[in-house]
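For reference, the structure is listed below as structure tokens.
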Amino acid sequence: MEMIMIHKDALELFNIKPEYIHDLLLTIFKTNIFKFNKKLYKQLRGLAMGNRLAPLLAIIFVHKIETTIIQALRPINFLRFIDDTFVITKTLEELEILFTELNNAHPQIEFTKEEPTENGLPFLNCNIKKFENGDFTTTWYRKAT
């Protein structure tokens with residue numbers, strides 16, 4: 001409800017009361033089922049894969065976690081696309097602190113990290129490489145299948 005109230009004014013522009021959104025979300029979570037091997041199951045935590053609201057709600061939820069931590073720790077750069085994040089900090093120690101704080105933010109959310117190699121660090125469809133002088137270069141990257 002907290003996130004709904006943050007955007008209360010925008011909702012009311014469309015004559016949508018925050019309570020309606022809250023009630024709608026509760027209904028979705030209570031009737032959250034999925035099918036596996038021709039048998040129906042109730043999803044107990046989160047949303048079932050394939051639920052059209054799942055990506056949007058995941059982005060909103062993770063954004064809330066990240067915003068608090070980013071404001072406190074102030075990395076040089078923090079980029080995210082869906083569930084891929086690219087972070088630049090002044091030191092490796094700051095990066096470790098940020099990573100630890102993100103993983104401590106919620107018991108059901110686990111962030112993973114990928115360390116750069118001499119070839120760089122893949123992010124989305126790019127490979128990003130940093131040179132000794134601080135310059136960066138990007139090349140196309142395709143994950144091995």
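Only one of the listed residues (Leu40, Leu47, Leu73, Leu24) is closer than 30 Å to Ile128 by Cβ and of a type in the set (A, V, I, L, M). That residue is Leu73. Of all the residues in region 71-94, those that are under 24 Å from Asn125 (Cβ atoms) and either under 15 Å from the mean Cα position of the chain (by Cα) or touching a residue at least 12 places away in the same chain (Cβ under 8 Å) (or both) number 14. Out of the residues in region 90-145 meeting the condition of being surrounded by fewer than 15 Cβ atoms within 10 Å (Cβ to Cβ) and of a type in the set (Ser, Thr, Tyr), tell me which one is nearest to Thr67 (Cα to Cα). Step by step, filter region 90-145, then rank; the result is Thr100.
Scanning region 22-53 for residues that are surrounded by 14 or more Cβ atoms within 10 Å (Cβ to Cβ) and either in contact (Cβ under 8 Å) with a residue 60 or more places away in the chain or under 30 Å from Ile97 (Cβ atoms) (or both) yields a total of 1. When region 12-21 is filtered for residues that are at pLDDT below 80, surrounded by 11 or more Cβ atoms within 10 Å (Cβ to Cβ) and either touching a Pro at 6+ places or on another chain (Cβ under 9 Å) or assigned to a helix (DSSP H, G or I) (or both), the ones remaining, listed by number, are Glu12, Pro18.
Looking across region 54-89 at every residue that is over 26 Å from Glu2 (Cβ atoms) and among the polar types (S, T, N, Q), the one that is surrounded by the most Cβ atoms within 10 Å (Cβ to Cβ) is identified as Thr89.
Search region 40-58 for residues being in a loop (DSSP other than H, G, I, E, B) and of a type in the set (D, E, K, R), and hand back the single one that is modelled with the lowest pLDDT.
Arg52
All of (1) among the basic types (Lys, Arg); (2) within 27 Å of Asn104 (Cα to Cα); (3) not in a helix (DSSP H, G or I) hold for Lys64 with one exception: (3). The set of residues in region 121-145 being of a type in the set (Ser, Thr, Tyr) and either within 11 Å of Phe86 (Cα to Cα) or not in a loop (DSSP other than H, G, I, E, B) (or both) consists of Thr137, Thr138, Thr139.
The values are calculated or read from the model by the stated rules, or taken from the named source; none is laboratory data. Just so you know, these numbers come straight off a predicted model, no measurement behind them. Virtual Cβ from ideal backbone geometry, glycine too; neighbours counted across all protein chains shown.
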